[in-house]
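So the structure is just underneath, and the comments pick up after that.
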Amino acid sequence: MSKILELKNVSKIYGNLKALADINLSVNAGDWLSIMGPSGSGKTTMINIIGCMDTPSVGNVILDGIDISKENAGSLTRIRRDKIGLIFQQFHLISYLTAVENVMVAQYYHSMPDEEEAMEALAKVGLADRARHLPAQLSGGEQQRVCIARALINSPEILLGDEPTGNLDEENEGIVVDIFRRLHDEGVTIIIVTHDPEVGDVAQRKIILEHGRLIDDIDQSATFGEALKLKGKG
Amino acid sequence: MANDNKNSRPSEKQDAHDSFHSRVRGVALYGYDERYDRELKVYGANITVRHKDAALMSDLYGTGVNDKFLYEDDVLKLKSIFWGFNILDFAPMLDGNAIMTTNGKTSEVSLVGTWTEKHATLSTGEELSTGLKGLRTWWDVQGEWLNENDNASVMLGKLLASQNNIHVGDAITLTANGMSKNFIVKGIYNDGGNDDEKILMTLAAVQELMNLTGKVSSIEVSALTTPDNDLARKAAQDPRSLSPDEYETWYCTAYVSAICHQIQEVIRDGVAKAVRQVAESEGTILNKTTLLMILITILSSIGSALAISNLITASVIERSQELGLLKALGAYNWQIALLVLLEVMLTGLAGGVAGYFLGIGFAQIIGQTVFGSYIEIARMVILIVAVILFFVTLLGSVPAIRYLMALKPTEVLHGK
């Protein structure tokens, strides 16, 4: 399998604090990776760098063959727009736009809004019948599914989730994990930051961060299918 | 050749150009400038026209000669000059002396013949009403104003009336040039000056009594004028010292010297002089009023810019998550800035339209309260307001745009 992401000796330094320290990591296309660790371990910093929203102080980040650690802000915006789909813990839907319009916002800044395509993305996450609802009229799980549809609409190389199930109850957590499973089956690369060990365990691979250092890299391929069955609907 | 050129009427292009400048000046806050100028006309005439010889003697010895006259036929031509529209009121005056007999007493008195309220139709078809009544608005009149065609009545100055114990309705006899004629006292006026010792009559009556048909001694003119500047002062000394461009600018601006110059072009043997005290006081007051209005406008604009700045910045901070999200989704800084500016401009446009009409409303209230009439709205104001609005809004948006540019999606999207 080809490498979609590679971090080489990446550090992020704020004054005397090393938020990330000499991280080396490779992710293959189509992998499902969980990043775990306690608060302050550098998970969010790492995802910001992978998501082209921040740059490393030291080291290189190769995303789909491009060294994004050398790019300027404008290029990072373009790369993020083309290659990354972002999912947030707090959903961040625009409150005065309907579900389908929220999805179309991502299309607008990528290429051109296409309502039919946006409806298909919503159908993919099981929300076709809720497309005309405002975020306030949707449950937390439904809002997160709109967020996933928005992340998927531009066919990104990597789906990047920052605590995507952090604000969901167990039932909705299962639905979202099930969506990830289907996306993984379709070959989408998924990288998820999570505190939740159950969500962390369903990934193919899990890395553990502590004080900015990568202290463990666990291959969960053997238990991958079973864990999914337990957590999701599949 | 140069003189011929100077004496000819300036080109239409120049007319339009200077008309624009004068309009822009007039625009100053819905034409308040002009309104103030009109208000200042209560101080009376600001230009006096006399026969050139009489004017020269007056300048040299402080007294005029009374055997040189202007022609009554020329008086209405005042409205035909380039700045005829700015001539608000005028009245020909004919001075004379007569022996007054009343209550068995005789005394020598000064007469003034004039138009009190002349109605005429100009060659252009324009209806005109002018006369001393409009130039002596401060007069306190007991009885009635003299009717324009009433050649058998007179008005007396208060001092003269009290010295001779004359009342409204009394009869007096005036004798001059061997002719005696009886008149009824229609009104007694209080001017507060030398005129209180005179008898005011119709121009025709004095002309008949003095045997000076068709003659007038002087013309008092009340004109709307632009405050003098260096160009006007230079021209007042000698218009021939101006370059052709300066001459055209001066001629097409309502400086008192330009209006005097144009009056002299139509009044035979006439010399028009500004009543400096009145003209300069008006100019000073107008300049200060204009300055005050400009300062108010500048302060209002600064206040608006600060208010807009606060509102936009507050709005952008409030929406920072949404705007950060758009950046995270791939929007460039300029796209976000454009989005916010567009929203601000549309809001500003709506506010500007509402403000414009509210402003007009307040202007009319002020016009009615202060001046007792409506304020004319200059169309140019719309354009100027739009431009000011655009730049004030743009200026007010700068801090918000700077904040937007520096906004990092990571700072607003990971709130736990």
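Odds and ends about this structure:
- Any chance residue B:408 is within 30 Å of residue A:52 (Cα to Cα), basic (Lys, Arg) and buried (at least 19 other Cβ atoms within 10 Å of the Cβ): no
- Residue within region B:339-358 that is buried (at least 19 other Cβ atoms within 10 Å of the Cβ) and within 14 Å of another protein chain (Cβ to nearest Cβ) present: no
- Region B:232-263, residues that are of a type in the set (A, V, I, L, M), at pLDDT 85 or above and either touching an Asp or Glu at 6+ places or on another chain (Cβ under 8 Å) or under 14 Å from residue B:86 (Cβ atoms) (or both): B:258, B:259, B:263
- Taking region B:129-243 as the region of interest, the strands (runs of 3 or more DSSP E) fully inside it that hold 3 or more residues being over 20 Å from residue B:94 (Cβ atoms) are B:140-143, B:179-190.
- Scanning region A:149-198 for residues that are within 14 Å of another protein chain (Cβ to nearest Cβ), small (Gly, Ala, Ser) and over 23 Å from residue A:131 (Cβ atoms) gives a single hit, A:166.
- Sole residue being away from chain A (no Cβ under 14 Å) and in a helix (DSSP H, G or I), chosen from B:284, B:253: B:284
- Condition met for residue B:325 (within 14 Å of another protein chain (Cβ to nearest Cβ), touching a His at 6+ places or on another chain (Cβ under 9 Å), in contact (Cβ under 8 Å) with a residue 60 or more places away in the chain and of a type in the set (A, V, I, L, M, F, W, C)): yes
- Just so you know, in region A:73-90 the residues that are touching a residue at least 60 places away in the same chain (Cβ under 8 Å) and outside any strand (DSSP E or B) include one that is farthest from the other protein chains (Cβ to nearest Cβ), and it is A:83.
Listed here are the residues, each with its yes/no results for (1) at pLDDT below 90; (2) more than 23 Å from residue B:219 (Cβ to Cβ); (3) touching a Leu at 6+ places or on another chain (Cβ under 9 Å).
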position: B:115; (1), (2), (3): no, no, yes
position: B:121; (1), (2), (3): yes, no, yes
position: B:128; (1), (2), (3): yes, no, yes
position: B:131; (1), (2), (3): no, no, no
position: B:143; (1), (2), (3): no, yes, no
position: B:157; (1), (2), (3): no, no, yes
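- Only one of the numbered conditions (1) without any contact (Cβ under 8 Å) to a residue 60 or more places away in the chain; (2) in contact with a strand residue (DSSP E or B) (Cβ under 9 Å, 6 or more places away or on another chain); (3) at the interface with chain B (Cβ under 10 Å from one of its Cβ atoms) is not met by residue A:70, and that is (3).
- Taking residues in region A:39-60 that are touching a residue at least 24 places away in the same chain (Cβ under 8 Å) and more than 9 Å from every other protein chain (Cβ to nearest Cβ), and partners anywhere that are in a loop (DSSP other than H, G, I, E, B) and of a type in the set (Val, Ile, Thr), the pairs with Cβ atoms closer than 8 Å and at least 6 places apart or on different chains are A:49/A:55.
- Pairs are defined by a Cβ separation below 8 Å, a sequence spacing of at least 6 or placement on different chains, a first member in region B:172-188 that is touching a residue at least 40 places away in the same chain (Cβ under 8 Å), and a second member that is of a type in the set (S, T, N, Q) and outside any strand (DSSP E or B); the pairs so defined are B:186/B:147.
- Residue B:414 satisfies every condition listed in (1) at pLDDT below 85; (2) within 14 Å of chain A (Cβ to nearest Cβ); (3) out of contact with any Ser or Thr (no Cβ under 7 Å at 6 or more places or on another chain) except (3).
- Residue A:93 at pLDDT 90 or above, buried (at least 22 other Cβ atoms within 10 Å of the Cβ) and either at the interface with another protein chain (Cβ under 8 Å from one of its Cβ atoms) or out of contact with any strand residue (DSSP E or B) (no Cβ under 9 Å at 6 or more places or on another chain) (or both): yes
- Against the numbered list (1) touching a residue at least 24 places away in the same chain (Cβ under 8 Å); (2) of a type outside the set (Gly, Ala, Ser); (3) under 12 Å from residue B:200 (Cα atoms), residue B:164 comes up short only at (3).
- Matching residues in region A:98-110 - criterion: being more than 10 Å from chain B (Cβ to nearest Cβ) and either in a loop (DSSP other than H, G, I, E, B) or in contact with a Cys (Cβ under 9 Å, 6 or more places away or on another chain) (or both): A:98
- Scope region B:103-117; condition part of a strand (DSSP E or B) and buried (at least 18 other Cβ atoms within 10 Å of the Cβ); matching residues: B:109, B:111, B:112, B:113, B:114
- Selected residue (criterion: modelled with the lowest pLDDT) from residues of region A:119-138 that are within 19 Å of the chain's Cα centre (by Cα) and part of a helix (DSSP H, G or I): A:124
The values are calculated or read from the model by the stated rules, or taken from the named source; none is laboratory data. Quantities reported herein were computed from a predicted structural model and do not represent experimental measurements. We place every Cβ from the backbone using ideal geometry, glycine too, and count neighbours over all the protein chains shown.
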